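Scroll down for the structure; my scribbles are underneath it.
Nothing in this text is a laboratory measurement; each read-out follows from the coordinates by a stated rule. Remember, predicted model here, so these are calculated numbers, not experimental data. Note: ideal-geometry Cβ built from the backbone for every residue, glycine included; neighbour counts use all protein chains shown.
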Amino acid sequence: MTILKKFLGFGLGLRTNHYNDVIEQKPDVDWFEIISENYMVAGGKPRYYLDQIRENYPIVMHGVSMSIGSTDPLNIEYLTKLKTLIADVQPEWFSDHLCFTSVGGVNSHDLLPLPYTEESLTHVVERIKQVQDFMGRQMLMENVSSYLTYKTDEMNEWQFYREVCEQADCRMLLDINNIYVSARNHDFDAMEYLRSLNPERVQQFHLAGHSDFGDYVVDTHDHDVPDPVWQLYKEALKLFGPVSTMIERDANIPSFADLTAELNIARNIAEQHIPNIRSQIEA
């Protein structure tokens, strides 16, 4: 089931207000990430545009509601729709978040952090294995930003994240901004987090902005990538080498030209730290 660590280059999250820009301009973007749930209904304008875009660009799929850490049963109806979408879109890979979103069948519509305990670890690993077996392919799990911790925690976040991915044999979608946000909120060393991870597991980077309220930081995805996150990205490149990298913007979305200009910052930083990185992009 294991997939090769493939380097796609530098991509963007595909958003509805940029469909025409992508189709008409065929911009210098290496790949796009879609939000899986936005395309689970057959037909309609989103699928119409996506079908055109995927003729020219690799696609990866990113989910927000699998609720892998919940104690609710896995949602087979959701997983079936996801599997159908994967068969239709043929993405390079698919991902979701290492968290829970539902409790007692009620969707919170938020990415809620898990307790970092051995019991929770065993529970999540088993569920990821079930999902991967059902899909017939490996998935990526993303680290989430957090604003609280549990008194029952038996390990830190990066130990838990590393062990989940090793034991479940899944890969990592490493959100650089989320590490920065959580490090600020919980006063830990972001570099210790990065150094603890297995480079062979890191398949994708997310870069994003946040809202800084001084005493705490909120992962809002409605600002440009700030300098501290760019700095952490530089360190991640040194540790993990060429990793498929994208800008994630979910609110206060700028023009497509502004977004691609920001993506070029990521390209330029990567080229400074990894010579000839563009030549390593795999078709």
Item to check | Given K83/K238; K6/K45; K151/K238; K6/K234; K83/K151, the pairs whose alpha carbons are separated by over 27 Å | outcome: K83/K238; K6/K45; K151/K238; K83/K151
Item to check | Under 16 Å from the Cα of K26 - aspartates and glutamates, other chains or at least 8 residues apart | outcome: D51, E55, D258
Next on the checklist: Rounded to whole Å, give me the distance from the Cα center of region 125-179 to that of region 218-255.
Outcome noted: 20 Å
Checklist entry - Taking the simple approach of a point 7 Å from Cα along Cα-to-Cβ for both H186 and N38, what is their distance in nm? => result 2.9 nm
Checklist entry - Among residues other than T101 whose Cβ falls under 10 Å from its Cβ, what is the net charge (Lys/Arg +1, Asp/Glu -1)? => result -3
Next on the checklist: Can you give the local net charge around Y233? Use residues other than it whose beta-carbon is closer than 14 angstrom to its beta-carbon, Lys and Arg +1, Asp and Glu -1.
Outcome noted: -4
Checklist entry - Magnitude of the Cβ-charge dipole of the chain, K/R +1 and D/E -1, about the Cα centre, nearest 20 debye? => result 760 debye
Next on the checklist: Please list, ordered by chain and number, the residues whose modelled amide H lies under 5 Å from the amide H of V29; skip anything fewer than 5 residues away on the same chain.
Outcome noted: none
Checklist outcome for this item: So for R0 = 35 Å, FRET eff. of T122-E24 from the Cβ-Cβ r, to 0.05, ends up at 0.10
Checklist entry - So between M135 and Q52, what do we pick up on full extension, going 0.36 nm a residue minus the alpha carbon distance? => result 27.4 nm
Checklist entry - Kirkwood-based Rg over Rh for the chain (C-alpha set), two decimals? => result 0.93
Item to check | Scattering curve values for region 198-283, log₁₀ I(q)/I(0), Debye with Cα scatterers, q = 0.21 Å⁻¹ | outcome: -1.07
Next on the checklist: Where in the chain is the longest stretch that carries no chymotrypsin sites (Phe, Trp or Tyr not before Pro) classed as loop by DSSP and with at most 14 other Cβ atoms within 10 Å?
Outcome noted: 1-146
